[in-house]
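To start, the structure itself, in structure tokens.
Each reported figure results from applying straightforward, stated rules to the coordinates on display, with no laboratory input. If you're wondering where the values come from, they're calculated on a predicted model, not measured in any experiment. FYI the Cβ positions are ideal-geometry reconstructions off the backbone, even for glycines, and counts take in every protein chain you see.
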Amino acid sequence: MNLTAEQIQQNWIDFEENIKSYISEPRCSQLLDFYSKYSERIMLMPAAHKKEYHNAFPGGYVDHVLRVVDCALKLNNVWVEMGVDESTYTKEELVFAALNHDLGKMGDEHNEAYIPQDDQWRKDKLGEDYKFNDRLEFMSVPDRSLHLLLSHGISVSKNEWLSIKLHDGLYDDANKPYLMSWSPETKPRTSLIYIIHQADLMAARIEFEREWNPKLKGEVKKTNNFSVIKAPKQTIKTKTLSNVKSQGLMNMLDSI
Ligand SMILES: [Fe+2]
């Protein structure tokens with residue numbers, strides 16, 4: 001699937017509104033400054049590089065993050081209703097962790113993590129519209145998310161650090177020491193970690209269903225394994241990218 005230029009623009013407005021609504025000063029201004037600096041890249045980033053994954057289309061990253069924030073707020077209500085100890089975290093920590101959990105997907109200050117795939121065979125056969133940028137030094141997404149925040153002077157509370165670090169839950173073996181402890185003393189002291197993980201899982205699952213269920217049900221014409229339904233390239237490019245300076249981003253839109 002693809003987003004329209006208007007959806008991409010509205011998502012960016014909603015993204016900034018979440019920061020203004022839930023994050024207190026000075027971090028509110030710091031985050032707005034950070035995201036403004038990299039807006040051109042982040043606004044158009046996919047959330048993944050392969051169509052089998054979730055939201056692998058221009059604007060997919062912000063669309064995913066907004067869904068994680070929504071899921072986190074709604075799941076938090078369920079946890080509160082069911083008796084979670086609310087005193088162990090704040091709503092600001094909840095939204096901060098949801099907003100920034102996947103930030104590392106942007107790459108670093110100079111190198112985008114996902115760049116347009118230039119191998120036509122991999123695009124056609126493997127559904128890879130993007131590929132990883134070899135110029136980017138390897139870091140896990142959660143580690144890079146935290147590094148980007150801290151290296152730009154944006155403080156992160158312990159709850160936020162743990163929630164971002166562990167947002168993949170037990171899908172990442174590196175998280176086992178935190179999540180597979182059998183001792184009460186070494187179990188997480190806040191349920192925020194689980195709420196963020198559940199929110200991310202819920203959002204990614206819903207994005208998968210939106211992309212793939214119509215194809216799996218035969219409701220959408222397929223080329224090999226992949227949909228051929230796409231938004232008109234010119235519409236997105238001319239409306240949304242009219243002021244984009246990055247040639248890489250222009251190529252990204254051209255290539256999809
Ligand atoms: Fe995510």
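Key figures
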{"read-out": "Subset of Lys37/Lys105; Lys74/Lys158; Lys20/Lys187; Lys37/Lys123; Lys20/Lys105; Lys91/Lys158 violating a 24 Å alpha-carbon distance limit", "value": "Lys20/Lys187; Lys37/Lys123"}
{"read-out": "Percent RCO, i.e. relative contact order, over the stretch 120-221, from Cα pairs under 8 Å lying at least 6 residues apart", "value": "19 percent"}
{"read-out": "Prolate/oblate/rounded call for the stretch 44-161, Cα gyration tensor, a/c under 1.5 rounded", "value": "oblate"}
{"read-out": "Asp85 paired with Leu216, simple spin-label distance in nm, labels 7 Å along Cα-to-beta-carbon", "value": "3.9 nm"}
{"read-out": "Extension gain (nm, one decimal) between Lys187 and Cys28, 0.36 nm per residue minus Cα-Cα", "value": "54.2 nm"}
{"read-out": "Fewest-first sequence of His64, His197 by Cβ atoms within 10 Å of each Cβ", "value": "His197, His64"}
{"read-out": "Computed label-point distance, nm, for sites Arg205 and Lys37 using a 7 Å Cα→Cβ extension", "value": "3.7 nm"}
{"read-out": "Reduced Cα scattering model of the stretch 1-104, Debye log10 I(q)/I(0), q = 0.13 Å⁻¹", "value": "-0.50"}
